[in-house]
């Protein structure tokens, strides 16, 4: 059995970002619309700096403060998920097209690797049902060192 992961979307094709944000008490500014449109096409993890660089390369002018404020709003609205990789180093993942997967996170360099999980149903049946819990989504994160950081560490020691 597979768990259906609920992702926040604009409820139906007729709704706009303006309507969605307005219903949640936020204004649909030009900067927010640019950022949201960019996130609709991104599938990979990103940080605020890479989002800013990507928008700048596309000649989309959005200030860094606008990006940071908008990321906080989008996180609150469950449109993105924040990963605390290292102290004051945050990466984000768009939830618009969420699929069942977990994350391997390197504690040294911050690299994030997605991995698939065959049976989310086991989690639902053994943990969720036994504890009478209503599941919205599952986030699995494993922390350690990526191969590159392990090799670099061995070079420093040897």
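Values in this text are rule-based calculations from the coordinates and carry no lab data. These figures come from a predicted structure and were not determined experimentally.
Would you mind calculating the relative contact order of the stretch 17-157 from Cα pairs under 8 angstrom and at least 6 residues apart, reporting the percent as a whole number?
18 percent
Along each of its three principal axes, how wide is the spread of alpha-carbon positions in the stretch 17-157, in whole angstrom units, largest first?
49, 46, 24
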